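To start, the structure itself, in structure tokens.
The values are calculated or read from the model by the stated rules, or taken from the named source; none is laboratory data. In this text, all values refer to a predicted model and were calculated from it rather than measured experimentally. Here Cβ is always computed from backbone atoms with ideal geometry, including for glycine, and neighbour counts include all displayed protein chains.
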Amino acid sequence: MKFSKLPPLLLILCATVLFAQRPVGVAQQRDARVKGGIFIKEGKEVKVEGEDLKLGFVSVAEDSRCPEGATCVWAGNARVRLTARNSKDECAEFDLNTYSAPLEYAFGKYTIRIAGLAPHPSIHHGSPKPGEYTATLAVTKNKKD
């Protein structure tokens, strides 16, 4: 291999590694919010400010994300059970995933997406216990409404 070909290949490799390391939801948060990130503790419900929408974080149904401090073949996935309701008594219970489908859920005039889940499992501290999780949700208002 000639050294003249090395810099472009190295640049592509570095860019690939940097983009692969970006946390789930960072790009989504830029344009997928009604009023900022919505943080919900497990077992709680919050009203989305200025909107006819309440979101609840029921539980973490699965958390197979690669623990911090470990080297894994894939990033893993966390599946979160959520609820949505409005003032018309329309309600839904649904699951969203951090890595695999479904990544978003349509409820009335809103689309709900999980933008983050903390804390992350760790090889030093193990998996978080029920009630320790906080979900960051991104909500978009559908343009047709």
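Among strands (runs of 3 or more DSSP E) entirely within the stretch 43-86, having at least 3 residues that are in contact with a strand residue (DSSP E or B) (Cβ under 8 Å, 6 or more places away or on another chain) and in contact (Cβ under 8 Å) with a residue 40 or more places away in the chain singles out 54-63.
Are any residues in the stretch 87-112 closer than 16 Å to GLU42 by Cα and either in a loop (DSSP other than H, G, I, E, B) or touching a helix residue (DSSP H, G or I) at 6+ places or on another chain (Cβ under 9 Å) (or both), and if so, which ones?
Within the stretch 87-112, just THR98 meets the criteria.
Within the stretch 113-122, one or more residues are assigned to a loop (DSSP other than H, G, I, E, B), surrounded by 16 or more Cβ atoms within 10 Å (Cβ to Cβ) and either of a type in the set (Lys, Arg) or within 14 Å of the chain's Cα centre (by Cα) (or both). Apart from one condition, GLU90 fits all of (1) within 17 Å of the chain's Cα centre (by Cα); (2) modelled with pLDDT of 95 or more; the exception is (1). For the stretch 115-145, filtering for residues that are β-branched (Val, Ile, Thr) and in contact with a helix residue (DSSP H, G or I) (Cβ under 9 Å, 6 or more places away or on another chain) leaves 2.
Please tell me if GLY56 is at negative phi and within 13 Å of the chain's Cα centre (by Cα). Steps first, answer last, please.
Numbers: at negative phi: yes; within 13 Å of the chain's Cα centre (by Cα): no.
When the stated conditions are applied, GLY56 does not pass them.
When restricted to residues that are part of a helix (DSSP H, G or I) and either modelled with pLDDT of 95 or more or surrounded by 15 or more Cβ atoms within 10 Å (Cβ to Cβ) (or both), the stretch 25-42 contains 2.
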